[in-house]
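**Q** Sharing a structure below in structure tokens format, with a few things to ask.
Nothing in this text is a laboratory measurement; each read-out follows from the coordinates by a stated rule. Computed from a predicted model, the values in this text were never measured in an experiment. Ideal geometry is used to build each Cβ from the backbone, glycine not excepted, and the neighbour counts take in all protein chains shown.
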Amino acid sequence: MAEPLLINQRVRARADTLGAALDAHMLASFAPDARKELRRFSAGEAAELLGISTSFLRKLHFDGKAPEVEMTGGGRRQYAAADLMELRQILDAGKAGAYLPGRREGEKLQVLSFLNFKGGSGKTTSTIHTAQRLALKGYRVLCVDVDPQASLTVLFGYRPEYDFLEQGTLYDAIRYDDPLPLSAVIQTTFFPGIDLAPAGLMLQEFEHETPRALLDNVQPPFYARMAAALSEVEDQYDVVLFDCPPQLGYLTMAALCASTSVMITIVPNMLDVASMAQFLQMSADLLDVVAEAGAPMEFDFMRFLINRYEPNDGPQQQVVSFLRTLFADEVMVAPMLKSTAISDAGLTQQTIYEVERAQFNRQTYDRALESLNAVNDEIEQLLHHAWRR
Ligand SMILES: Nc1ncnc2c1ncn2[C@@H]1O[C@H](COP(=O)(O)OP(=O)(O)O)[C@@H](O)[C@H]1O
Ligand SMILES: [Mg+2]
């Protein structure tokens, strides 16, 4: 006789199998306790990031003005992120910020939320690629992982279920009972220029505790707690990126209320667009409620970011033009292409900016890189616009 399917036991068994397999996968991807390390960049990549020509970069070395950098076996220069920063300082001398683009006196911290309640629309993928591109361009970036599922935290090489099981997540800085300063949970990452406020399952407590805190009138209220936490460290960053969970809970509302702008990621198919319509409606209702309660609503920009774009897919094209007709300038000019280079890199918890071009089909890699650079450079322009440059 077949064994009865006891769903509680079956689910636990599958959870155990999968958990063990994932641990093994993580251990194979990077050794236990070994931190991720960022690769070196070629002279071509370095010049592109610095906004100079490769010949000018060569000349800096020839004239002895550039720092000594590592050489490959083939005698090519290789630049670490720290070398790029040093070159920025050198290039910027007397240039008043042309090569050090971070915010200046009077320019306010930019806080951008990546948002949508559809999982898989690319919130985490866009958050980390934006963070890395901005950091490589010389901005001081803080990533805040607002999703209890902690995908962003994993991409930075942490194992939330070990590293931050009980403490050390964003939760500690926004909880109602004796919160810590945000600086106490912020981690420096393997990626120079990026710090991380990590997530973990603990964060979910915020959803559970908020109704009680509202009844007890605990101050500040949920929508102001993320902003309050951020204010402690705001001098240390140019840009803060929130990776929101795929739901419209208190965490998402708190992130939104701490933001100065919002990027809604959308996969261009009709089901996702229909789901986004609901999402926008519900967001508007909730925002009205917190606005009524006194949360600030003045934003610098809101954009829709098309993700998983396939230029040769007819129906997708139609959805994209539908969105562009409806939302005009609010749709980012640059879409994020659907690319196996992005998903393949994701398999080893990496991004396009981390992997080596040689690991991929060159054309596939270049197309993905070009698309992500275009998206992130457009975001950079939006930030500059908000700074009134
Ligand atoms: N443009 C893209 N091309 C290919 N794969 C993508 C792309 N954007 C995201 N993905 C993959 O889709 C999955 C879900 O993306 P993710 O950013 O985690 O979505 P979300 O954070 O909105 O849930 C990830 O495995 C990611 O690697
Ligand atoms: Mg995510």
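**Q** Tell me which residues, restricted to the range 173-201, are surrounded by fewer than 23 Cβ atoms within 10 Å (Cβ to Cβ), more than 19 Å from the chain's Cα centre (by Cα) and of a type in the set (Gly, Ala, Ser).
**A** Across the range 173-201, the qualifying residue is only ALA184.
**Q** Scan the range 57-75 for residues that are surrounded by 13 or more Cβ atoms within 10 Å (Cβ to Cβ) and under 13 Å from LEU91 (Cα atoms) and jot them down. Let's see the steps before the verdict.
**A** Restricting attention to the range 57-75, the residues satisfying the condition of being surrounded by 13 or more Cβ atoms within 10 Å (Cβ to Cβ) are 57-61, 66-67, 69.
Result: LEU57, LYS59, LEU60, HIS61, ALA66, PRO67.
**Q** I'd like to verify a number: residues in the range 332-362 that are of a type in the set (Lys, Arg) and part of a loop (DSSP other than H, G, I, E, B), how many?
**A** Going residue by residue through the range 332-362, those that are of a type in the set (Lys, Arg) are 338, 357, 362.
The next check asks that each one be part of a loop (DSSP other than H, G, I, E, B); those that pass are 338.
Going through the range 332-362 one residue at a time, the tally reaches 1.
**Q** Additional query: Those residues that are away from ligand 1 (no atom under 16 Å from the Cβ) and in a strand (DSSP E or B), I need them from the range 231-246; list them, please. Quick ask: steps written out before the conclusion?
**A** First, pick out the residues of the range 231-246 that are away from ligand 1 (no atom under 16 Å from the Cβ): 231-240.
Once the filter is applied, which keeps residues that are away from ligand 1 (no atom under 16 Å from the Cβ) and in a strand (DSSP E or B), the range 231-246 yields VAL239, VAL240.
**Q** Would you pick out the residues in the range 210-222 that are surrounded by fewer than 18 Cβ atoms within 10 Å (Cβ to Cβ) and not β-branched (Val, Ile, Thr)? First the steps, then the outcome.
**A** Quick first cut of the range 210-222, residues surrounded by fewer than 18 Cβ atoms within 10 Å (Cβ to Cβ) only: 211-212, 214-220.
Scanning the range 210-222 gives PRO211, ARG212, LEU214, LEU215, ASP216, ASN217, GLN219, PRO220.
**Q** Output the residues belonging to the range 138-147 that are buried (at least 22 other Cβ atoms within 10 Å of the Cβ) and either more than 16 Å from ligand 1 (Cβ to nearest atom) or free of Cβ contacts under 8 Å to residues at least 60 places away in the same chain (or both). Can you show your working first?
**A** Kept after step one, since they are buried (at least 22 other Cβ atoms within 10 Å of the Cβ), are these residues of the range 138-147: 138, 141-147.
Answer for the range 138-147, where residues must be buried (at least 22 other Cβ atoms within 10 Å of the Cβ) and either more than 16 Å from ligand 1 (Cβ to nearest atom) or free of Cβ contacts under 8 Å to residues at least 60 places away in the same chain (or both): GLY138, VAL141, LEU142.
**Q** Does the range 336-349 hold any residues that are under 16 Å from the mean Cα position of the chain (by Cα) and in contact (Cβ under 8 Å) with a residue 40 or more places away in the chain, and which are they?
**A** Once the filter is applied, which keeps residues that are under 16 Å from the mean Cα position of the chain (by Cα) and in contact (Cβ under 8 Å) with a residue 40 or more places away in the chain, the range 336-349 yields MET336, ILE342, GLY346, GLN349.
**Q** Give VAL320, VAL289 a once-over and let me know the one that is outside any loop (DSSP other than H, G, I, E, B) and crowded, with 18+ Cβ neighbours inside 10 Å. Don't jump to the end; show me each part of the working.
**A** Numbers: VAL289 fails: crowded, with 18+ Cβ neighbours inside 10 Å.
It is VAL320.
**Q** Here's something else I'd like to know. In the set TYR353, TYR309, which member is within 16 Å of ligand 1 (Cβ to nearest atom), within 23 Å of LEU280 (Cβ to Cβ) and aromatic (Phe, Trp, Tyr)? Reasoning before the result, please.
**A** Numbers: TYR353 fails: within 23 Å of LEU280 (Cβ to Cβ).
On inspection, the qualifying residue turns out to be TYR309.
**Q** For the range 148-188, name all the residues that are touching a residue at least 60 places away in the same chain (Cβ under 8 Å) and either touching a strand residue (DSSP E or B) at 6+ places or on another chain (Cβ under 6 Å) or among the aromatic types (Phe, Trp, Tyr) (or both).
**A** Selection gives LEU152, PHE156.
**Q** I'd like to verify a number: residues in the range 350-363 that are in contact (Cβ under 8 Å) with a residue 40 or more places away in the chain and over 19 Å from the mean Cα position of the chain (by Cα), how many?
**A** Within the range 350-363, residues that are in contact (Cβ under 8 Å) with a residue 40 or more places away in the chain and over 19 Å from the mean Cα position of the chain (by Cα) number 1.
**Q** Is it the case that LYS95 is among the basic types (Lys, Arg) and under 15 Å from the mean Cα position of the chain (by Cα)?
**A** Values: among the basic types (Lys, Arg): yes; under 15 Å from the mean Cα position of the chain (by Cα): no.
So LYS95 fails the test.
Per-residue answers, yes or no, for (1) out of contact with any Phe, Trp or Tyr (no Cβ under 8 Å at 6 or more places or on another chain); (2) of a type in the set (A, V, I, L, M, F, W, C):
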site: ALA43; (1), (2): no, yes
site: ILE52; (1), (2): yes, yes
site: GLY74; (1), (2): yes, no
site: ARG88; (1), (2): no, no
site: GLU107; (1), (2): no, no
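**Q** Shifting gears a bit: If you take the residues in the range 95-128 that are buried (at least 24 other Cβ atoms within 10 Å of the Cβ) and more than 11 Å from ligand 2 (Cβ to nearest atom), which one is nearest to LEU347 (Cα to Cα)?
**A** Among those residues, the one meeting the criterion is SER113.
**Q** Taking TYR158 as meeting all but one of (1) touching a helix residue (DSSP H, G or I) at 6+ places or on another chain (Cβ under 9 Å); (2) over 30 Å from PHE279 (Cα atoms); (3) buried (at least 23 other Cβ atoms within 10 Å of the Cβ), write down the number of the exception.
**A** Here TYR158 clears every test but (1).
**Q** What number of residues in the range 76-87 are crowded, with 19+ Cβ neighbours inside 10 Å and free of Cβ contacts under 8 Å to residues at least 60 places away in the same chain?
**A** Qualifying residue count, the range 76-87: 5.
**Q** Scan the range 250-271 residue by residue and report those that are within 16 Å of ligand 1 (Cβ to nearest atom) and crowded, with 19+ Cβ neighbours inside 10 Å.
**A** Initial filter on the range 250-271 (within 16 Å of ligand 1 (Cβ to nearest atom)): 251-252, 255-256, 262-269, 271.
Answer for the range 250-271, where residues must be within 16 Å of ligand 1 (Cβ to nearest atom) and crowded, with 19+ Cβ neighbours inside 10 Å: LEU251, THR252, ALA255, LEU256, VAL262, MET263, ILE264, THR265, ILE266, VAL267, PRO268.
**Q** Looking at the range 173-195, is at least one residue within 16 Å of ligand 1 (Cβ to nearest atom) and either farther than 30 Å from GLY138 by Cβ or not in a strand (DSSP E or B) (or both)?
**A** The first filter runs over the range 173-195 and keeps only residues within 16 Å of ligand 1 (Cβ to nearest atom), leaving none.
Checked against the condition, which is being within 16 Å of ligand 1 (Cβ to nearest atom) and either farther than 30 Å from GLY138 by Cβ or not in a strand (DSSP E or B) (or both), the range 173-195 yields no hits at all.
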